[in-house]
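One structure is given below, encoded as structure tokens.
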Amino acid sequence: MALGRPAPLLEPRAGVVPAVAGVLSAEQVARTAASIAGMQHPDGAIPWTTGDKTDAWNHVEAAMALLVGGEVEAAERAYAWCRANQRADGSWPVKVVGDRVEDDGGETNMSAYVAVGVWHHWLVRRERGFVDRCWPMVRAALDFVVRLQLPSGGVAWLQEWVDGAPGPVREEALLTGSASTYHSLRAGLALAGLVGEPQPAWERAAARLRHAVRRHPEAFLDKATFSMDWYYPVLGGAVRGEEAHALLARRWDDFVVPGLGIRCVDTNPWVTGAETCELVMALDAVGDERAAGLFTDVQFLRDEASGGYFTGYVWPDEVLWPRELTTYTAAAVVLAADQLSGTTPGADIMVGATFGPEPDEVAGGCGC
């Protein structure tokens, strides 16, 4: 089941910020990254918006965008926060506000995502010292995730904490979270190859998880009303090729609002920038030319004064809602701009060519 070595890497190009012709200039993308840095706390934490919570997944996504947008020092502080706040079991609290932990549960997909961020940093900066500093953190995070894989192949979405220690496991799997975790495991395996520490347990977990995401929707909680459950199997890389095109076609009309973006929830008249840009990256990863049009559509959420992006828009009322600029929306825009333009060596991070070969599927306790 060996995944092999990662594909050859592009050489880093220092100081190059992406631009999407006719849509966003490099200066505009840099200002968007600066808007994220402007909300970062002195300790490196990146909240959703000023005064809001920090969680490890959105924090890492923002750190990746900082790096792409030229905010290298801010990105380094963000990863230092990850190293400083990881718990002994490899997880991070799901909700931190300032220096207070307000929800100490450990979500698996949020903890796993640090592997994607560290591999992205390696692609962009090629700094082996950074990888060596972060490798113990990545190893602990993915070991935590693999311990919580269920017989179905999906990954339990959360482990509670009780009296300051790991407690009961919520033994339900989320499709979006598991698809993201598959992406993280592949990034972790690429890092393992780089540092020369093979992780066969991760390989087995990735193979079982890919099978569950592709073949067993019944193994996951039913969250089909959310657009993320629709496109994340493609974005995370478990579904590719014709199967991916068929999956995206299946609910296109349920979620895509022409000229505006995509709904967060299929029943609500609300389009959101982050989900739209994630779909842009999923489409681009499988060669769907509609990606560029969607990216152009969502630019109406841009606040030109700050370079940031509003979360979403309720079109019957013609209002931005909530009227706040969010770091995770800005981060998704920056990463989508990089992927569409192919500017930095990190532009592949959602495509996954640098991870190496896909793992073969392995059935778990599903009876296949």
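Rule-based calculations on the coordinates, nothing more; no lab input. Values in this document were obtained by computation on a predicted structure and should not be read as measured data. Reconstructed Cβ throughout: ideal geometry from the backbone, glycine too, with neighbour counts over all protein chains shown.
Among [x] 1.02; [y] 0.91; [z] 1.13, which one is Cα Rg over 2.2 N^0.38 Å computed from these coordinates? It is the value labelled [y].
Our estimate of slack between D266 and S25, defined as 0.36 nm per intervening residue step minus the Cα-Cα distance, is 83.5 nm. In this structure, the amide hydrogen of G44, modeled 1.01 Å from its nitrogen in the peptide plane, lies closer than 5 angstrom to no residue at least 5 positions away or on a different chain. On the beta carbon distance between V195 and E127, with R0 = 22 Å, the FRET formula returns roughly 0.95. The listed peptides 234-242, 63-71, 334-342, 261-269, ordered by packing as a protection proxy, come out as 63-71, 334-342, 234-242, 261-269 (highest mean of other Cβ atoms within 10 Å first).
The spacing between region 231-284 and region 168-200, judged by their C-alpha centroids, is 23 Å.
Taken one residue at a time, the phi angles of region 232-241 give Karplus couplings (6.51, -1.76, 1.60, θ = phi - 60°) of 5, x, 7, 4, x, x, 5, 10, 9, x Hz. Gly and Pro are set to x.
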